[in-house]
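Notes to accompany the following structure.
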Amino acid sequence: MKYSILLGNATLPPCAGYAIILCISNLIQNNTIKRFTQSITQHKITTLLVIIIAGELIFSLPFHIPRFFRPTFLQVFELSNTELGDIFALYGIVAMLSYFPSGILTDRFAPQKLMFYSLVATAAGGVYLATIPPKSSLYFLFAYWGCTSILLFWSAMIKQTWAIAGHHLQGTAFGILDGGRGLVASLAASIAIIILSDALLPATTRQSAISLSESQIAARHALQ
């Protein structure tokens, strides 16, 4: 029998699950995390944890929701897969262009402030998404997210992680950052699935299909 790890609508193959387990096991056996936490202050550990959570959740709106809940997302906003692909492409173009000035901004302004403003601006787009806007507005919204999630955030996150790790713990710090972001993504997706399933539960008890209005109400509930 084949086993797999299910995250929303995204299924990881068995080898991916084993790889995750092996990586965590190796970190514990080698005391990598223990040595890292002993080498930096409690304040820096807390800061790194905040960066890990923020560094993944900022992409939950433009990435996680359309990816993990694609059928519901397509139904709620009355999109085709092609239209959603065009929206993602627009996000990618804006994000790619935002990488270049992102480093310049990080050298001029405090990374903490840039990350704060980025999170607030991205969350504001999420508030707008919760109103279930017309699909034509999604092109502008995802382009906006391409700017807010990269221009003000990405380089600032990298620089702040580098500052926490110092010169001797770079590999460990960035390994914990990426591994932690993956864990946060799994937990966030699981929580969102529970919320969405709970919102759709009354409709699933019927024999008929879930209506568009019911999907919209459930999606709005999950986003809020």
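Output the residues belonging to the range 63-80 that are free of Cβ contacts under 8 Å to residues at least 24 places away in the same chain and buried (at least 19 other Cβ atoms within 10 Å of the Cβ). Listed by number, the list holds a single entry, P66.
Among the residues of the range 101-119, none qualifies, meaning not one is modelled with pLDDT under 95, assigned to a helix (DSSP H, G or I), touching a Pro at 6+ places or on another chain (Cβ under 7 Å) and buried (at least 18 other Cβ atoms within 10 Å of the Cβ).
Considering S98, S149, S60, S137, the condition of being closer than 28 Å to I194 by Cα and more than 14 Å from the chain's Cα centre (by Cα) is satisfied by S137 alone. Considering W145, W154, W162, the condition of being in contact with a Leu (Cβ under 7 Å, 6 or more places away or on another chain), modelled with pLDDT of 80 or more and of a type outside the set (A, V, I, L, M) is satisfied by W145 alone.
Against the test of being farther than 19 Å from T148 by Cα, modelled with pLDDT of 90 or more and of a type in the set (D, E), the options E83, E78 yield a single qualifying residue, E83. Out of the residues in the range 120-145 meeting the condition of being among the hydroxyl-bearing types (S, T, Y) and in a helix (DSSP H, G or I), tell me which one is farthest from A54 (Cα to Cα). Per the criteria, the residue is S136.
For R35, state whether it is under 20 Å from the mean Cα position of the chain (by Cα), part of a helix (DSSP H, G or I) and at pLDDT below 85. For R35, the condition - under 20 Å from the mean Cα position of the chain (by Cα), part of a helix (DSSP H, G or I) and at pLDDT below 85 - is not met.
Residues in the range 170-180 that are within 22 Å of A110 (Cβ to Cβ) and surrounded by 14 or more Cβ atoms within 10 Å (Cβ to Cβ) were compared, and the one that is nearest to the chain's Cα centre (by Cα) is L177. Apart from one condition, S137 fits all of (1) without any contact (Cβ under 8 Å) to a residue 40 or more places away in the chain; (2) crowded, with 16+ Cβ neighbours inside 10 Å; the exception is (2). Identify the single condition in (1) under 18 Å from the mean Cα position of the chain (by Cα); (2) modelled with pLDDT under 95 that T131 does not satisfy, given that it satisfies every other one. Among (1) under 18 Å from the mean Cα position of the chain (by Cα); (2) modelled with pLDDT under 95, the lone unmet condition for T131 is (1). Being touching a helix residue (DSSP H, G or I) at 6+ places or on another chain (Cβ under 6 Å), hydroxyl-bearing (S, T, Y) and outside any loop (DSSP other than H, G, I, E, B) is a condition met by no residue of the range 182-193.
The values are calculated or read from the model by the stated rules, or taken from the named source; none is laboratory data. As the structure is a prediction and not an experimental result, all values here were calculated from the model. Heads up, the Cβs are rebuilt from the backbone with ideal geometry, glycines too, and the neighbour counts pull from every protein chain shown.
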